[in-house]
Amino acid sequence: MGEGAARFQLVTAIGVSLCLGAVAVAPAAEGASFDSGPLTYLVDSERALPASDQTVVRQCPDGARLVGGGGSIAGAPSGSSINRWLFGAAPVDIGGDPDSDPDDAFTTSAHNATGEKLKTTSVSICLRQGEGGLNYGVETDVMSTLAAILIREVSCTGASTGGGIRIDGPGADVLIREGYRPSRHEWAGGARKQPTAQNRDVKTVAVCIPNDTRKVRYRSATRTMGADKPRAVKVPCPPDFRPTGGGIQPATGLSADVALLQSRPYDSKDPGKAPDDGWTARLFNSGSSVSVDFDAVCLGPKK
């Protein structure tokens, strides 16, 4: 875990609360559902009202378990102030089943500090029929008033297929800085907050599949981002592999002033509309030029 001084500028607004236990928010209305190989992609969107938070979550179907997921908030800031961002994007336990594993849904929470409605999208990626023996690593930290940045690496057993991070409370003064795979059996998340903000609980989750079940491939690309500019990068999966996770890591370390706006699977406009071709991430850099690693996690055939 690392800490550093914050120098990012957020345009703040009043938000709503999201607790870190079993998620108590109502699932979103039925959205799009796409079956692709052993996976089901559930895509849901809601409009974040001006000066507010929006959380979107949809549960995997019966008999399936969450293998990964992602989310986004529409558009990108202009100028040097960040006026929209994600502050939650992680697997969750909805409750109602006998365990507390975060295997039920993927939740995305976004803060909208603009004067317009902005679409917030969440994608739950589910491995059907309970296949694969998935397991989950979970760590909860407290960001104190002294901490501006928190980075947590979480381990699980087997090969990482994804993960996420979410921050307790309103999103006006906290954001996701990064989410990435530091090693084959880990997931890491990074959070930032205004130094004067109250203490916040931060939960980081890693999802793994046993090494003897399905093939997993990892792909990455490194790009340089200029100051005060958004950038989106797509990382494709190899043939016969489908995306389950991905994200970003500022390669220059804790000094990077970046905010995550999107990290989700995409469709490359091939036959069918399933977002099963690779991973795309979009972020905004409010500081000096920074190098960023963009990652994709791809699940393949049985071994």
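For the reader, a short list of remarks on this structure follows.
- Total residues in region 47-62, condition within 19 Å of Ser124 (Cβ to Cβ), at pLDDT 95 or above and acidic (Asp, Glu): 0
- Top-ranked residue of region 104-136 - restricted to ones that are surrounded by fewer than 24 Cβ atoms within 10 Å (Cβ to Cβ) and charged (D, E, K, R), ranked as nearest to Ile165 (Cα to Cα): Lys119
- Candidates Asp267, Asp293, Asp257, filtered to the one that is touching a Lys or Arg at 6+ places or on another chain (Cβ under 9 Å), buried (at least 20 other Cβ atoms within 10 Å of the Cβ) and acidic (Asp, Glu): Asp257
- The single residue among Val142, Val154, Val138, Val123 that is part of a strand (DSSP E or B) and free of Cβ contacts under 8 Å to residues at least 60 places away in the same chain turns out to be Val154.
- Here region 61-117 is the region considered, the condition is being outside any loop (DSSP other than H, G, I, E, B) and among the β-branched types (Val, Ile, Thr), and the residue that is nearest to Gly300 (Cα to Cα) is Val67.
- Take the conditions (1) farther than 17 Å from His111 by Cβ; (2) in contact with a strand residue (DSSP E or B) (Cβ under 7 Å, 6 or more places away or on another chain); (3) acidic (Asp, Glu); (4) at pLDDT below 95; Asp240 misses just one of them, which is (4).
- Considering only residues in region 190-207 that are surrounded by 24 or more Cβ atoms within 10 Å (Cβ to Cβ) and aliphatic (A, V, I, L, M), the one that is nearest to Ala159 (Cα to Cα) turns out to be Val207.
The values are calculated or read from the model by the stated rules, or taken from the named source; none is laboratory data. None of the values given here were measured: they were computed from a predicted structure. Neighbour counts run over all protein chains shown; Cβ positions are idealised from the backbone, glycine included.
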